[in-house]
Amino acid sequence: MTAEELRPEASKEPASQPIADEVKGEAPSADAAQAPAARPRAAGRAPAGPPPGQQAPPTADAVKLEAIFKEILGEQAMKVEYNFGELVLTVLPEQILEVCRIGRTDPRLDFNYLRSLSGVDYVTHFEVVYHLYSLDKLHKITLKTRISHEEPEVDSVISVWSGADWHERELAEMFDINVKGHPNLVPLLLDEGVDEHPLLKSHPLVPMGEDRPGVITDLGESDWMGYRASGGKE
Amino acid sequence: MALDRLQTVDMTINMGPQHPSTHGVFRMVLRVDGERILDCEPYIGYLHRGFEKLSENENYHTVLIHLDRTDYLAGFCNEMAYIIALEKLLGVVPSERAEYIRVIMCELNRIASHMMFYGALGADAGALTPFLYAFRERERLQGLFEAVSGARMMFFYFRAGGVRIDLPDGFIRECRRVLDAVKFGIDECDKLLTNNEVFISRTKGIGAISAAAAIDYGCSGPILRACGVKEDVRRSEPYSIYDRLDFDIPVAYSGDTYDRYVVRMEEMRQSIRIVEQCLDQIPDGPFMGKVPRFIRPEPGEVYVRTENPRGDYGIYLISRGGDYPYRVKLRSPCFCNLMALREMLKDCYIADSVMVLGSLDIVLGEVDR
Amino acid sequence: MLGLIKGMIITWKSNWRKPVTVQYPDESLPLAPGYFGFPGLIYDHEVDEPFCVGCQVCARYCPTDAIFVTMKDNPKFKEGTSKRRKIVDSFELNISRCISCNICVEVCNFDAIEMTDTFEAAGYHPDVVAGIPALIEMSEKQRKGVLARPLKETR
């Protein structure tokens, strides 16, 4: 179980690499360069400095949490980042259920509140993101796991937080990810019988400014305030 | 004939999607034993407009118009969450005056939204008079919204770094006058329902949920505070200028419909306190900070949570450079509160299911996104 | 008995109160200070042409795709009377789609477009479209004060 499995698309760094280097090598800008952009127009400028998320120093809570997670998970592969001073932990998909359970039950962590569970389709892989919060200890963490497009499977955390129910149904429906262990994985938001997964980047959506279906381009005999629509050519 | 030989069957009945008491297009299938609800299966998605997918195709500026349309009773609060996320990604600091304007509008919006809740809950209980009283107060606030943003519902007022236009002349004086009237109006509303015997018997002990279950389901806002959990994003993770303001977090302990109502009534008074402090402190100055003309954040991601009238409203915004957000995820408070409906409705009567649903104060536009 | 008298006093008072209903098409309420109607094109009276050069940035940023703009070479530039090399050829605002969001005004590099108070735009076609003359007239009306209103004190 190595860190290479954590990011199938990224460079092959050994698992023992220092954290600081990993964060640097895994800055999102490098990601964007390697992954084909979803739309050609989405290509950005070259970033001037480090993005704002990386500038903030880690908070005291985040450092403490990192030490606790390091201690519990030990040698297992994980990636530690800081985003706006908050801890972002990327673990393997096989571990996610266990890590969540530890986070919920360990009295030092006590993550009893699932703030959000979201999926993200980075064209090369999926990322399932868990935003956790502790109502008693008031600390927070972002857990992430990466799964491939070929084998889109992730363990259900419904046994840890009941509130994951609809979030996971939405995840399965929007990204075509199989959530293993979910008792009732039927579509939630879309119409029944719709076999589409809209939040996949491969799902078509015409960019702004181009002809979209349903937009009337032929203006016909329309007339307003006594002027013809042809504008300026009367 | 002995009664124990009589066989009874659980019956399944359908409520919605076009039921007047479901506050939108929401459907639930109840399994009932006589009048008693054994199980409830909510069906949502009738108002799904694909906000998250649409946002991937809008530039950072125009995503905001969809946010007004998610929780259409609390447009300012939704915009607040997104704008804070965007400003964090951009590294932009809003001007001081804009921060105050935003908080004023958010808190006024909270009162207006809770007034809507108050009216609707009264109407659910069969009392139509409170509805009119609530709308009278709401109308005053809507007048303020219209004066400031030009719109009554789809405000589209906040911008990265500030707000669209400054407060109109005489706003502060006018706002104080409205607040005094609303304060009186809240007391009047309080008199109508809070101690009403029929209302109490319809709500006390109905649809109760324990604090542990509420946390487990991810409930937030007044639902969670009615269970005795003193959690408010404005206090636990202060955003904008809330750390400078003095207000209390109302908490009730039994977690039933009545407590949710009481918590909201008290929240309105606290909101008035907040607005009054803001009106005292609001500085002069520009209403826009320094912002780049075209908004293209650096690659990065941010998760921002704010306290909506309905609870913990989260925006997960990912940028990979360029004009368009890569992913916008909306963590809607109603969505999570509604999950707990099954837990709340157990062993209720069918007639009470309407009250419990009303006490959740759901906005389906936000649940389905 | 006292309650009855109190009730009658309220009834008596509201009998003589001025009605709040406004008969809309004949008279209308004053607009709110922050109110935005549809956008209009500002006219440059010195050169006798609109400020808009048809750069399409508003069309690109419009959240509802309500704007359609094309650009042409400015004949007045060749004559030397205008400094604008390019000028708007056609500017079509689909009134049915416009949500009065002010984005076109904010992104305009030439300050050529402004929000007006015009909001009555009912028509007989599903796509009510305003061309350049209509848009300029809207802006002119606004500037000449036909539609201008005093700042309104809210209730």
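Condition check for C:I5 on (1) buried (at least 19 other Cβ atoms within 10 Å of the Cβ); (2) at pLDDT 85 or above: one failure, at (1). Just name the residue that is surrounded by the most Cβ atoms within 10 Å (Cβ to Cβ) out of those in the range C:8-55 that are of a type in the set (F, W, Y) and assigned to a loop (DSSP other than H, G, I, E, B). Among those that are of a type in the set (F, W, Y) and assigned to a loop (DSSP other than H, G, I, E, B), it is C:F36. If you check every pair at least six apart or on different chains, which have Cβ atoms under 6 Å apart with a residue in the range B:342-361 that is surrounded by fewer than 18 Cβ atoms within 10 Å (Cβ to Cβ) first and a residue that is outside any helix (DSSP H, G or I) second? Close Cβ pairs (under 6 Å, with a partner that is outside any helix (DSSP H, G or I)) amount to B:R342/B:C40; B:Y349/B:E35; B:I350/B:E35. Within the set B:A208, B:A212, B:A120, B:A181, the sole residue that is under 30 Å from B:D39 (Cβ atoms), surrounded by fewer than 18 Cβ atoms within 10 Å (Cβ to Cβ) and either within 10 Å of chain C (Cβ to nearest Cβ) or modelled with pLDDT of 85 or more (or both) turns out to be B:A212. Give me the strands (runs of 3 or more DSSP E) completely within the range B:254-369, filtered to those with at least 2 residues that are under 26 Å from B:L167 (Cα atoms) and either at pLDDT 85 or above or touching a Lys or Arg at 6+ places or on another chain (Cβ under 6 Å) (or both), ordered by residue number. In the range B:254-369, the matching strands (runs of 3 or more DSSP E) lie at B:300-308. Yes or no: C:C58 under 19 Å from the mean Cα position of the chain (by Cα) and part of a loop (DSSP other than H, G, I, E, B)? No: the conditions fail for C:C58. Each residue in the range B:132-164 was checked for being touching a residue at least 24 places away in the same chain (Cβ under 8 Å), surrounded by fewer than 18 Cβ atoms within 10 Å (Cβ to Cβ) and in contact with a Phe, Trp or Tyr (Cβ under 7 Å, 6 or more places away or on another chain), and 1 pass. Annotation: B:F294 fulfils all but one of (1) without any contact (Cβ under 8 Å) to a residue 60 or more places away in the chain; (2) touching a helix residue (DSSP H, G or I) at 6+ places or on another chain (Cβ under 7 Å); the unmet one is (2). Does B:V103 meet the test of being in contact (Cβ under 8 Å) with a residue 12 or more places away in the chain, more than 27 Å from B:V356 (Cβ to Cβ) and part of a loop (DSSP other than H, G, I, E, B)? For B:V103, the condition - in contact (Cβ under 8 Å) with a residue 12 or more places away in the chain, more than 27 Å from B:V356 (Cβ to Cβ) and part of a loop (DSSP other than H, G, I, E, B) - is not met.
Listed here are the residues, each with its yes/no results for (1) crowded, with 22+ Cβ neighbours inside 10 Å; (2) closer than 19 Å to A:V80 by Cβ; (3) at the interface with chain B (Cβ under 10 Å from one of its Cβ atoms); (4) touching a residue at least 40 places away in the same chain (Cβ under 8 Å).
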| position | (1), (2), (3), (4) |
| --- | --- |
| A:F111 | yes, yes, no, no |
| A:S118 | yes, no, yes, yes |
| A:T124 | no, no, no, yes |
| A:Y130 | yes, yes, no, no |
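Taken across the range C:83-93, residues that are of a type in the set (K, R), within 13 Å of chain A (Cβ to nearest Cβ), outside any loop (DSSP other than H, G, I, E, B) and over 17 Å from the mean Cα position of the chain (by Cα) do not occur at all. Only one of the listed residues (B:L54, B:L67) is more than 19 Å from B:R164 (Cα to Cα), of a type outside the set (S, T, N, Q), within 14 Å of chain C (Cβ to nearest Cβ) and assigned to a helix (DSSP H, G or I). That residue is B:L54. For the range B:128-156, a tally of residues being charged (D, E, K, R) and facing another protein chain (nearest Cβ under 7 Å) returns 2.
Does B:S220 count as surrounded by fewer than 21 Cβ atoms within 10 Å (Cβ to Cβ), over 30 Å from B:F287 (Cα atoms), at pLDDT below 90 and within 14 Å of chain A (Cβ to nearest Cβ)? No: the conditions fail for B:S220.
When you check B:D39 against the structure, is it within 14 Å of another protein chain (Cβ to nearest Cβ), surrounded by fewer than 18 Cβ atoms within 10 Å (Cβ to Cβ) and closer than 30 Å to B:D352 by Cα, yes or no? So B:D39 passes the test. Does B:Y313 satisfy being under 19 Å from the mean Cα position of the chain (by Cα), under 30 Å from B:I172 (Cβ atoms) and among the hydroxyl-bearing types (S, T, Y)? Taking the combined requirement at face value, the residue satisfies it.
Being closer than 29 Å to A:L132 by Cβ and either more than 14 Å from every other protein chain (Cβ to nearest Cβ) or surrounded by fewer than 24 Cβ atoms within 10 Å (Cβ to Cβ) (or both) holds for only one residue in B:E237, B:E266, and it is B:E237. Residues in the range B:324-339 that are more than 7 Å from chain A (Cβ to nearest Cβ) and over 21 Å from B:E231 (Cα atoms): 3 in all. Within the range C:121-136, is even one residue more than 7 Å from every other protein chain (Cβ to nearest Cβ), modelled with pLDDT of 75 or more, within 24 Å of B:E146 (Cβ to Cβ) and out of contact with any helix residue (DSSP H, G or I) (no Cβ under 7 Å at 6 or more places or on another chain)? No - not one qualifying residue is present in the range C:121-136.
The values are calculated or read from the model by the stated rules, or taken from the named source; none is laboratory data. As the structure is a prediction and not an experimental result, all values here were calculated from the model. In this analysis, Cβ positions are derived from the backbone assuming ideal geometry, glycine residues included, and neighbour counts consider all displayed protein chains.
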